Amino acid sequence: MASPEKQPQQRNNMPRFSLNWLYIVIIAGLAYILYQGQGEGSGSVDKEVTYTDFKQYVRDGYAKSVTVNKTDGKARITIAPEKIREVFKQGVDRVGKAPTVSARIPSTDRVEEFLEEEGFSGTVKYEESDRLLMNILGSILPIVILVVLWFWMIRGSGGPGGGIFSVGKSKAKLVEKGEKGTGVTFADVAGQEGAKQEVQEVVEFLKNPKKFTELGGKIPKGALLVGPPGTGKTLLAKAVAGEADVPFFSMSGSDFVEMFVGVGASRVRDLFRQAKEKAPCIIFIDEIDAVGRARGRSVMTGGNDERESTLNQLLTEMDGFGTNSGVIILAATNRVDILDKALLRAGRFDRQIHVDLPDLPERVAIFNVHLKPLKYDENLDIELLARQTPGFSGADIANVCNEAALIAARHNHEKVVKQDFLDAVDRIIGGLEKKTKVMTEGEKRTIALHEAGHASVSWLLEHANPLIKVTIVPRGQALGAAWYLPEERSITTKEQLLDEVCATLGGRAAEELFTGHVSTGALNDLETVTKRCYGMVAYLGMSEALPNVCYYENQEYGFTKPYSEKTAERIDEEVNRLIAEQYARAKKILSENRDKHAALADLLVEREVIYREDVEQIFGPRPWKSRADELLELQEQANRERAEKMAEEHARRKEQEAAADAAGCPPVPQKGEEDE
Ligand code: NHX
Ligand code: ZN
């Protein structure tokens, strides 16, 4: 079903906080402190005088204190405040509060004698530091600090694009070829056989361009990896670089956009310049929709100029380099439909490689990859896990495996077992379980009635998804839930859609029928139903009044709806009618099965979680079985058989052990040891 998606429009126009400003503030602060420091501490003047004058000053009692420096052989006297004007011919405001005069003296050892002779009564200090050096350091150090800071800024603080003068440089991360390369090969990409095959072609272009150009063919410049998030588009691009053994420039579309105008375009230019130097190589632009969104359709005209000029530069660069330059651009997006058509034109990203969500066998492969680092039960049925995770991406499966390991650790299991994985799946779909949430009896009953409503209606409808379990334990945002195992199909019929809508409305229908009230609890159900019915009417042409029309919101329409006000009204009417029909249908089914529904709700209040078997006990076998139903039943049967077999085996072993013990023989080797 086509669902409208959020568009990260805002992001591009907002000035981003940049580290550059921080540097500027720090430098300004330092400069201020240095300037201040010069004014106060060492601010007093030091005047160099002859030894004769020096002696005269001491004799005349001008000296407040004397400092003798052994290193440079000088004596310095601090002039008494009332004599400052006389000695320096300037006021205190000019020379500072404690101005000094200094003179080279014949001997630092004899100075004390001299002072005593002259009747000097102030303090005498000796110091060894080099005052001259201090002075020089004092005036040079700030300059040195500034210069160092300056260089640091220009060169950037480590990472690429750190300094203010590198805003125009591309922020692309370069992964070299060979040893230091991405280290990813196709073997690391689980599933995605189709995409791998298509991408293999790109590897061939990079490895052996002559083969293709000799016959006059042109090597494509770019390929677009299209697919939902988490399906491994980046991994695939890395694998191409790894397989072809070429350098790999990786960058996100949003990296082009910065608060300074014109930066995006110059970054594109810089990226291509760097890439051409390293050719043959791969440029990978992740989330290209950040720059590649169609031009000129935005509400905020003018605000997107920066993005547009970046896009224009990208288009120009792609046209600019020759087809045999050996640079191939891979870009990833999950929304091709919003990309500017110019990007998809022949000679640019003219080939699209679809990276879809993994199907069942692919999920098994992905599970195998992510299970490798885990210590898990060897008897784990990986196919069962794969079957319980329809619609999961590779990233989701990685998450399941990790979460399962954490859950197992929390429960102090020695190995990760099946239940840990199933709990992890529940947790990832539904959120955290909230066992502590307190509910009144009345609320609990309403919730049970609601969930039993879903369960009953879905059980009795031919095309509704098969049920796995029903729970009234709060989890995440939901107070209760009915869990289904949707059949994985590529196309869905109108009947299937309607049955699902009906089952989703079963919750509220049960509330209304059996409590006499409706509640806020149906919020999510109603949202799903409304979206789905709107899609059926407006996008899929599935209503009687508006058959076979599709008003799927496409970039081409811009911001005006491609239909009249009158049609808009009819769409609304049709949506309302569809929902009303299905609601009535759900109510009818529920009132016809009042007793069974009540039994289910009671059981739910009692046990909090009930499973497929329990529903089957009450309702009898499902009248219509889907393939998923059969799978679930097979699974149940396999579980039962395995449990029986294990019990049997256990009993047999106990018997044998007892017999062996009685005969005084060593015990029979256990299962598992036999294999070794
Ligand atoms: C709530 N959530 O937020 C609670 C926690 C009917 C037993 N009030 O359909 O959990 O009620 O089949 C503001 C106002 C969500 C925010 C009302 C967010 C209502 C899930 C709906 C089970 N299972 N619904 C379901 C459910 C809820 C909701 C809201 C809100 C319930 C139902 C949410
Ligand atoms: Zn519900």
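The values are calculated or read from the model by the stated rules, or taken from the named source; none is laboratory data. The structure presented is a predicted model; accordingly, all values stated were derived computationally and were not measured. Neighbour counts run over all protein chains shown; Cβ positions are idealised from the backbone, glycine included. What goes into the accessible areas is simple: the full protein's heavy atoms, side chains included, and nothing from ligands, DNA or RNA. Shrake-Rupley method; radii C 1.70, N 1.55, O 1.52, S 1.80 Å.
Numbers at a glance
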item	result
Whole-percent carbon and sulfur share, accessible surface of the chain, 1.4 Å	53
For the range 273-415, alpha-carbon Rg relative to the globular expectation (2.2 N^0.38 Å, N residues)	1.50
Stretch gain in nm, segment SER65-ASP572, where the contour uses 0.36 nm per residue and the Cα spacing is subtracted	172.8 nm
For the chain, Kirkwood radius (reciprocal of mean inverse C-alpha pair distance, Å)	33.1
Dimensions in Å of the range 182-256 - Rg and Dmax from alpha carbons	13.2, 39
Where the chain is the region considered: accessible area per residue in Å², 1.4 Å probe	55
Theoretical gain in end-to-end length, VAL147 to ALA187 [0.36 nm per residue, Cα-Cα removed]	9.3 nm
Burial order of peptide ranges 278-284, 238-244, 534-540, 67-73 (average beta-carbon count within 10 Å, highest first)	238-244, 278-284, 534-540, 67-73
Where N is the number of residues in the range 372-471, Cα Rg divided by 2.2 N^0.38 Å	1.30
Furthest towards positive pole of dipole, ILE329, LEU314, ILE283, structure part the range 269-400, Cβ charges	LEU314
Antiparallel content of DSSP bridges confined to the chain, in %, to 5	45
On Cα atoms only, tilt of 263-278 relative to the major axis of the chain in degrees	90
Spin-label model distance (nm) - ILE33 vs LYS211, 7 Å beyond Cα toward Cβ	6.3
Helix-only [θ]222 nm of the chain, DSSP H runs n ≥ 4, -39500 (n - 2.57) each, per residue, nearest 500	-16000 deg cm²/dmol
Coordinate range along principal axes, alpha carbons of the range 191-300, Å, largest first	47, 33, 24
Amide proton proximity set for VAL416, modelled H, under 5 Å, gap of 5+	LYS375, TYR376, ASP377
Nearest-10 value in Å² for the accessible area of HIS413, using the 1.4 Å probe	80
Using alpha-carbon coordinates, inclination of helix 193-207 to the longest axis of the chain, degrees	40
Amide hydrogen neighbours beyond the local backbone of LEU330, cut-off 5 Å, H modeled	ALA223, ILE283, PHE284, ILE285
On Cα atoms only, tilt of 131-155 relative to the major axis of the chain in degrees	30
Electrostatic dipole magnitude of the chain [Cβ: Lys, Arg +1; Asp, Glu -1; Cα centre; debye, to 20]	2680
Long-range HN-HN contacts of LYS47 with modeled amide H, under 5 Å	THR100, VAL101, SER102
Rough spin-label spacing in nm, given labels placed 7 Å along Cα→Cβ, for THR52 and GLU565	10.8
Selected from PHE248, PRO373, GLN90, residue furthest toward positive end of dipole (the chain; charges at beta carbon)	GLN90
